[in-house]
1. Using modelled amide H (1.01 Å from N, peptide plane; none on Pro or chain starts), what sits under 5 Å from the amide H of A:Cys178, excluding residues fewer than 5 places away?
2. Could you work out how far helix A:101-121 tilts from the main Cα principal axis of chain A, as a 0 to 90 degree angle to the nearest 10?
3. Considering amide H positions built from the backbone, and no H for Pro or chain starts, which residues 5 or more places from A:Ala39, or on another chain, come under 5 Å of its amide H?
4. Percent relative contact order of region A:53-192, based on C-alpha pairs within less than 8 angstrom and at least six residues apart?
5. Tabulate in residue order the Karplus-calculated ³J(HN,Hα) for region B:257-274, using 6.51 cos²θ - 1.76 cosθ + 1.60 with θ = phi - 60°, rounded to whole Hz; enter x for Gly and Pro.
6. Give me, ordered by chain and number, the residues 5 or more places off A:Asn133 or on other chains with an amide H under 5 Å from its own placed amide H.
7. Could you grab the relative contact order for chain B? Cα pairs under 8 Å, six or more apart, rounded to a whole percent.
8. Specify the angular offset, from 0 to 90 degrees and rounded to the nearest 10, of the alpha carbon long axis of helix A:162-173 from the longest principal axis of the alpha carbons in chain A.
Amino acid sequence: MSDRVSVAKTYKLYIGGAFPRSESGRSYPVTDSKGGFLANAAQGSRKDARDAVSAARKAFPGWSGATAYNRGQVLYRVAEVLEGRREQFITEVAASEGVPLKKAQSLVDSAIDRWVWYAGWTDKIAAVLGSSNPVAGPYFSFSTPEPTGVVAVLAPQQSSLLGLVSVIAPVIASGNTCVVITSQERPLPAITLSEVLATSDVPGGVVNIITGRTAEIAPWLASHGDVNALDLTGAPESLRADLERSAAGTVKRVLRNKTGEDFTVTPDLSRIRAYLETKTVWHPMGV
Amino acid sequence: MAAPTTLPSALADAVRDESSLRRFLHGLPGVDQVGVEQRAAGLGTRSIKKAAKLHAIDLAISMVDLTTLEGADTPGKVRSLAAKAKRPDPERPDVPQVAAVCVYPDMVKTAADELKGTGINVASVATAFPSGRSTMDIKLADTRFAVEQGASEVDMVIDRGAFLSGRYGQVFEEIVKVKEACGDAHLKVILETGELVTYDNVRRASWLALLAGGDFIKTSTGKVQPAATLPVTHVMLQAVRDWKTQTGELRGVKPAGGIRSTKDAIKYLVAVHEVAGPEWLDPHLFRFGASTLLNDLLMQRRTQLDGHYSGPDYVTVD
């Protein structure tokens with residue numbers, strides 16, 4: 001009997017709920033931590049980023065308009081599907097990050113728990129970050145948090161799954177949509193995550209995932225007129241100042257966390273809060 | 001049946017009576033469906049970049065018939081559309097004006113008042129748009145009303161029911177009479193290609209409209225899917241090109257409906273250049289019936305000039 005030839009997976013982009021190849025037709029080899037070949041990943045271009053932003057913009061009214069409860073249910077569903085793919089993620093994280101299986105296991109478990117943690121926040125954000133304001137006048141004044149819009153996320157370069165989940169979940173929990181540039185050297189868990197998103201109930205376009213060279217694509221997202229916020233977590237040190245400067249050109253919110261953030265620590269609300277706008281309403285009373 | 005213009009003898013024969021008209025239309029060569037679709041797709045892959053793209057964007061803007069044909073149209077909406085037609089991108093005065101504003105007949109006066117002295121035409125749909133299901137008198141009254149109100153272009157619909165059941169003479173008469181009712185106003189004949197089903201029918205309807213004196217042939221009302229497609233526009237461009245070789249007259253083409261992106265618009269311009277010829281790359285002979293297309297053209301124009309992608313926050317809301 002001849003040996004079976006295994007079927008290798010084509011790692012593609014995730015844009016608007018579909019898995020296209022890069023518009024540029026390029027791909028690049030992804031290696032494990034010791035330099036061994038793992039797979040070819042699509043090398044996204046600025047036009048892929050542009051398409052992803054259009055997809056995210058298109059998905060925004062539906063996702064931000066969904067009830068917080070509904071968004072929570074959708075995110076829980078993602079966690080359920082993540083759990084079902086646990087073994088696959090453990091293998092991929094171990095290969096990408098070069099950690100022992102045991103460590104990879106704990107990273108994947110934390111990632112799933114992190115997702116559930118943020119899923120729980122969806123319908124609590126308004127209660128915790130909103131307020132009714134005591135004002136000197138016959139008005140009922142109240143403030144509610146609302147999503148900022150389309151967020152461009154430069155995912156952490158080191159933590160390929162836990163870090164990725166920790167930057168995506170807070171963005172979409174409050175109703176934003178996002179375009180994510182994955183870790184350049186470790187993009188494979190991100191593509192598998194997009195398969196999870198595609199098969200749970202997340203509407204297409206809410207999360208768009210692009211693999212490729214961060215330094216090539218990030219400037220286009222930073223200057224894009226239809227992107228409302230930028231997360232610099234995975235930005236190369238040398239590029240940070242430039243990215244912030246061009247983001248200022250279209251008045252984006254910029255999250256400028258230092259690189260080397262420890263994602264194993266349970267987070268606080270700062271990442272959710274970073275992509276919220278506060279709407280305050282003054283309602284006349286006693287008339 | 002009366003031919004509206006002096007035609008060469010072959011074409012004059014065609015409009016002598018209904019049976020000769022039918023003979024002429026059915027004698028037109030059939031359209032090679034696979035061929036025209038392949039050619040349209042092939043030309044669509046042509047890459048237009050940098051200075052050529054910027055030129056194409058400005059040309060496309062100057063060819064737009066900025067359209068609002070909704071039951072919910074208000075004078076306020078028409079006025080804001082007219083303002084947009086005059087100055088599509090208020091921050092950039094070098095952006096060309098659009099060719100025309102296209103509205104329902106009762107909104108023509110509002111549009112005409114706003115556009116007086118700007119050189120922008122007011123187009124009005126007429127003849128029981130979009131279905132064309134009414135009596136001849138009503139269609140003519142509709143047309144006269146639009147022209148009296150100040151429309152310089154009239155977009156009429158043909159009676160597709162009559163066309164599809166082979167009553168070509170009736171359709172011909174209708175176009176001739178509406179053309180008379182138009183007076184000096186330009187007449188665009190909407191074929192509603194989505195309801196004509198075959199390319200052969202599109203070719204016949206195009207020739208019918210040209211024979212009857214339509215200044216423009218227009219693909220669709222925008223109310224029926226599919227609206228304008230590239231292959232259909234190819235067939236219509238071939239008709240006006242052949243019309244020119246036979247009569248020496250230049251007639252126009254207007255695809256309308258479903259053209260939303262700059263990329264699509266440029267594909268159409270390539271088709272115009274390759275199928276009809278460069279002289280049709282002119283707002284007098286080629287128009288886009290569109291509403292959302294203009295914003296995309298403006299955003300692309302900004303992207304070309306600013307070096308980064310623009311967004312809908314930087315152009316006016318329709």
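Computed from the coordinates by the stated procedures, all read-outs in this text should not be read as laboratory data. Not measured: the values here are computed from a predicted model. Here the Cβ positions follow ideal geometry from the backbone for every residue, glycine too, while neighbour counts run over all protein chains shown.
1. HN-HN under 5 Å from A:Cys178: A:Val151, A:Val207, A:Asn208.
2. Relative to chain A, helix A:101-121 is tipped by roughly 20 degrees.
3. Counting only residues 5 or more places away or on other chains, the set is A:Val30.
4. On the way: 198 pairs, mean separation 44.2, N = 140.
Computed value for region A:53-192: 32 percent relative contact order.
5. x, x, 8, 10, 10, 4, 4, 4, 4, 5, 4, 5, 5, 4, 4, 4, 4, 7
6. For A:Asn133, the qualifying residues are A:Ser141, A:Phe142, A:Ser143.
7. For chain B, the relative contact order is 19 percent.
8. 30 degrees
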